[in-house]
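> Pasting a structure here, questions to come.
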Amino acid sequence: MKLLHVVGARPNFPKLAPVYRAGTLAGVEQVIVHTGQHYDEIMSDGFFASLGIPAPEHNLVVGSASHAVQTARIMERIEPVLLAEQPDWLVVYGDVNSTVAAALVAAKLGVRIAHVEAGLRSNDRGMPEEINRIVTDRLADLLLTPSLDANVTLRNEGVPDSQVVFVGNVMVDSLRFTLERERISPDANGEWPNDGSVLVTLHRPSNVDDAERLSAVITALREVAMERRVVFPAHPRTRQKLTEFGIDTGAIEMQNPLAYEAMLRLMTHAHVVITDSGGVQEETTALGIPCLTLRANTERPITVTEGTNRLVASPGDLSSLVKSSQRNAAHRIPDGWDGRAGERVIVALQETLARLP
Ligand code: UD1
């Protein structure tokens, strides 16, 4: 079996790593294509190094551009790679532009597509990622789901059960792998030390592209920062918008984006995390750290129903919610979030390939 993995943006890398590792152990031939959607050292190569992913065989260096231009560039540049490599499977991850662009090209070339993290829906088409999820799932031959609610969603959309395999959450594989390697561990009671800080990550267009909204968010965070340490490693997009709108971040501790392990270190010690990232909603649920998600919806509802996540539509509510947030030692971790999802992806790819004509 030959796999061609396509990744491009920061959240793809911790999803690829455990699948690649499991593929190597199973003796599978694997090729990595990096589209170059993210290109800064800390947004890209640093993650490859942290997660032990080998350098990609192909880099399409597409860089930043509008959605249409970026997607089109990826499509144009990946077609010859797919034709030359002739994989048994194209494996795509998550919901970024690189995911949908690669899937669209493979579908037309008749290359089988496997989608890792299938079946998630925010039901909000204002989010570019929602469009990417819907289209990628429509095109995929094998839909690998991170949680059982995603199987229900796909069945309701008419996807045949034979195309859907519940593998669990590959992000949790990377989380566990890194905590172990970095020797970051809870205390003897299984609890993470709470240093009282608040960790913030925000980069969604819905929070940062609008001056009024971003200003309201920063005002709320500044209020929190009067009482506790607020650490905000800012995505380049957020940083640009803060400068463009001339917003003063006051006592908030602004930082550059962090390496994966540094981020996990802060997360495990935080009193609460404030985010709009999908991956961070999952990581906090896996760790049992309270999470306030500054969005009206989530494509990961299991982090709310079973995990530690809470949706916060209005920034004005943040300060009181930070105060009332509490660690809950008896938190539940969703099924399949056990550190073995990467292995199940490889098994599903092998078994499905064996039964296809
Ligand atoms: C992308 C994904 C989003 C994901 C996020 C994680 C899509 C539609 N969006 O959003 O789902 O949550 O990545 O980071 O695929 N930039 C840099 N350096 C980089 C990359 C980007 O400075 O290495 C700046 C550029 O100015 C760019 C802006 O950040 O225009 C936004 O980057 P882009 O990849 O377009 O979208 P993200 O907001 O990163």
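Every number here is computed from the coordinates shown, using simple stated rules; none is lab data. Keep in mind that what you see is a predicted model, and the values were worked out from it rather than measured. When we count neighbours, we look across all protein chains shown, and the Cβ atoms used for this are built from the backbone with ideal geometry, even at glycine.
> Taking the Cα centre of the stretch 290-357 as the origin, how large is its charge dipole in debye, to the nearest 20, when only Lys and Arg (+1) and Asp and Glu (-1) carry charge on their Cβ atoms?
Value, rounded to 20: 180 debye.
> Report the far tail of the P(r) of the stretch 1-79, meaning the percent of Cα-Cα pairs longer than 19 Å.
Everything past 19 Å amounts to 35 percent.
> Tell me the trypsin sites (Lys or Arg not before Pro) within the stretch 214-282 that lie in a loop according to DSSP and have at most 11 other beta-carbon atoms within 10 Å.
Listed in order of number, the matching sites amount to none.
> Continuing with the same structure: Taking neighbour counts of Cβ atoms within 10 Å as a proxy for exposure, in what order, fewest first, do Val6, Val81, Val33, Val347 appear?
By the 10 Å Cβ count, ascending: Val347, Val81, Val33, Val6.
> So, one more: For the chain, give the magnitude of the charge dipole about the Cα centre (Cβ charges: +1 Lys/Arg, -1 Asp/Glu; no others), in debye to the nearest 20.
Here the chain has a charge dipole of around 120 debye.
> Follow-up. Which residues in the stretch 83-122 place their backbone N less than 15 Å from a point set 7 Å from the Cα of Ile131 along the Cα-to-Cβ direction?
Answer for this model: 95-102, 104.
> When a footprinting reagent is the concern and you count Cβ atoms within 10 Å, what order do Thr99, Thr352, Thr35, Thr238 take, fewest first?
Thr352, Thr238, Thr99, Thr35
> Related question: Could you work out which residue, out of Gly316, Gly279, Gly246, moves most in a Gaussian network model of the chain, that is, has the largest mean-square fluctuation with Cα springs under 10 Å?
Evaluated over the chain, the most mobile residue of the options is Gly246.
> Rg to Rh for the stretch 48-106: what is it, with Cα atoms only and Rh by Kirkwood?
Reported Rg/Rh, Kirkwood definition of Rh: 0.97.
> If you stretched the chain out fully between Arg327 and Ile247, how much longer would it get, using 0.36 nm times the residue separation minus the C-alpha to C-alpha distance?
My answer for the length gained is 25.6 nm.
> Next question, about the same structure. Run through the stretch 174-256 and list the GluC sites (Glu not before Pro) located in a DSSP loop whose Cβ has at most 13 other Cβ atoms within 10 Å.
Here the sparse-neighbourhood loop sites are Glu191, Glu227.
> Now a separate question. Could you work out how far helix 236-245 tilts from the main Cα principal axis of the chain, as a 0 to 90 degree angle to the nearest 10?
50
> Using a Cα-Cα cut-off of under 16 Å, which aspartates and glutamates could be cross-linked to Lys108, ignoring same-chain neighbours fewer than 8 residues away?
Hits, sequence-local ones excluded: Glu76, Glu79, Glu85, Asp88, Asp137, Asp141.
> Any idea what angle helix 128-139 forms with the longest principal axis of the chain, computed on alpha-carbon atoms, 0 to 90 degrees, nearest 10?
20
> Right, here's the next one. Semi-axes of the equivalent ellipsoid of the chain: what are they in whole Å, largest first, if each equals the square root of 5 times a C-alpha gyration tensor eigenvalue?
Working from the Cα gyration tensor, I get semi-axes of 33, 23, 19 Å.
> A further question on this structure: Compare Leu82, Leu199, Leu90 in a GNM of the chain, Cα atoms joined below 10 Å, and give the one with the largest fluctuation.
Checking each option, the largest mean-square fluctuation is seen for Leu82.
> How long are the three semi-axes of the equivalent ellipsoid for the stretch 139-265, computed from the Cα gyration tensor as the root of 5 times each eigenvalue, in whole Å, largest first?
The equivalent ellipsoid of the stretch 139-265 has semi-axes of 34, 24, 13 Å.
> For the chain, set up a Gaussian network in which alpha carbons nearer than 10 Å are linked by springs, and say which option among Ala101, Ala84, Ala251 fluctuates the most.
Ala84
> With θ set to phi - 60° and the Karplus curve 6.51 cos²θ - 1.76 cosθ + 1.60, what are the ³J(HN,Hα) couplings of the stretch 183-194 in order, to the nearest whole Hz, using x for Gly and Pro?
After applying 6.51 cos²θ - 1.76 cosθ + 1.60, I find 6, 9, 9, x, 6, 4, 8, x, 9, 7, x, 9 Hz.
> How far apart, in nm, are the 7 Å Cα→Cβ label points at Asp210 and Thr305?
2.8
> Could you work out how far helix 13-25 tilts from the main Cα principal axis of the chain, as a 0 to 90 degree angle to the nearest 10?
With rounding to tens, the tilt is 40 degrees.
> Order by neighbour count: Ile131, Ile113, Ile274, Ile289, fewest other Cβ atoms within 10 Å first, most last.
Values: Ile131 15, Ile113 22, Ile274 28, Ile289 25.
With the sparsest Cβ surroundings first, the list reads Ile131, Ile113, Ile289, Ile274.
> Additional query: Compute the distance in nm between two label points, each set 7 Å from the Cα along the Cα-to-Cβ direction, one at Leu148 and one at Glu351.
Taking the simple label geometry, Leu148 and Glu351 are separated by 1.7 nm.
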